[in-house]
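Engineer: Would you mind keeping the following structure in view while I ask a few things?
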Amino acid sequence: MKKLTFLIILFAFIFSSCEKVQYPDLELTVNDLYDYCATDGEYPCSVPLNHEGDLITIIGYYEVSNHEFNSSENKFRFFDSPTISSIATEIEVMENSESVFKKITEIIDENNSAEYIKLKVSGKIIGHDLPTNGACSRGVFSEINNSSDIRSFN
């Protein structure tokens, strides 16, 4: 009886300590992200974006040919459509970059895709000041921490 009680307590502990990944309810394309943050050049440097700090999921395209470069830089550009000329944002990998890019490699291998793969990336909206030619505006970026923040779009 003691063994049975011990096993029940052990299983209860194991299942209660399992953490289920919660993804943000809000899903936006890269283009929608810019609209959501209302960044149309009106934000001067140091002024927070609308919704800066919010957790969201961005749906977009990852450029496969830059995969090795991206993993060495711990960041990647994320496009609104499968073309480099489309609007893009940058995703910064803050922690566990090896596991993040390993997961992207697995998704690339599963999809056996050509130039782009469609992904969902869940992270926090951040802004960075972008000084150019004597002017300055705040750009829209996102940061992620774990491989669970990246999912294939299916």
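Engineer: Since Ala114 meets every condition but one in (1) closer than 21 Å to Pro24 by Cβ; (2) assigned to a loop (DSSP other than H, G, I, E, B), which condition does it not meet?
Structural biologist: (1)
Engineer: Can you say whether Ile144 is within 14 Å of the chain's Cα centre (by Cα) and of a type outside the set (Asp, Glu), as far as the supplied structure shows? Don't jump to the end; show me each part of the working.
Structural biologist: Numbers: within 14 Å of the chain's Cα centre (by Cα): yes; of a type outside the set (Asp, Glu): yes.
Criteria met by Ile144.
Residue by residue, here is whether (1) within 16 Å of Ser152 (Cβ to Cβ); (2) surrounded by 15 or more Cβ atoms within 10 Å (Cβ to Cβ); (3) within 16 Å of the chain's Cα centre (by Cα) holds:
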site: Glu63; (1), (2), (3): yes, yes, yes
site: Phe69; (1), (2), (3): no, no, no
site: Arg77; (1), (2), (3): no, yes, yes
site: Ser85; (1), (2), (3): no, no, no
site: Ile125; (1), (2), (3): no, yes, yes
site: Asp129; (1), (2), (3): no, no, no
site: Asn133; (1), (2), (3): no, no, no
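Engineer: On the given criteria, is Leu49 more than 22 Å from Leu28 (Cα to Cα), in contact with a Cys (Cβ under 7 Å, 6 or more places away or on another chain) and either modelled with pLDDT under 95 or not acidic (Asp, Glu) (or both)?
Structural biologist: Working: more than 22 Å from Leu28 (Cα to Cα): no; in contact with a Cys (Cβ under 7 Å, 6 or more places away or on another chain): yes; either modelled with pLDDT under 95 or not acidic (Asp, Glu) (or both): yes.
For Leu49, the condition - more than 22 Å from Leu28 (Cα to Cα), in contact with a Cys (Cβ under 7 Å, 6 or more places away or on another chain) and either modelled with pLDDT under 95 or not acidic (Asp, Glu) (or both) - is not met.
Engineer: How about the stretch 63-77: which of its residues are touching a helix residue (DSSP H, G or I) at 6+ places or on another chain (Cβ under 6 Å) and either under 14 Å from Tyr116 (Cα atoms) or outside any helix (DSSP H, G or I) (or both)? Explain how you work it out, then say what you get.
Structural biologist: Taking the stretch 63-77 first, the residues touching a helix residue (DSSP H, G or I) at 6+ places or on another chain (Cβ under 6 Å) are 64, 71, 74, 76.
Answer for the stretch 63-77, where residues must be touching a helix residue (DSSP H, G or I) at 6+ places or on another chain (Cβ under 6 Å) and either under 14 Å from Tyr116 (Cα atoms) or outside any helix (DSSP H, G or I) (or both): Val64, Asn74, Phe76.
The values are calculated or read from the model by the stated rules, or taken from the named source; none is laboratory data. Bear in mind that the values here come from a model prediction, so they are computed numbers and not experimental data. Using ideal geometry, Cβ is built from the backbone for each residue, glycine included, and neighbour counts are taken over all protein chains shown.
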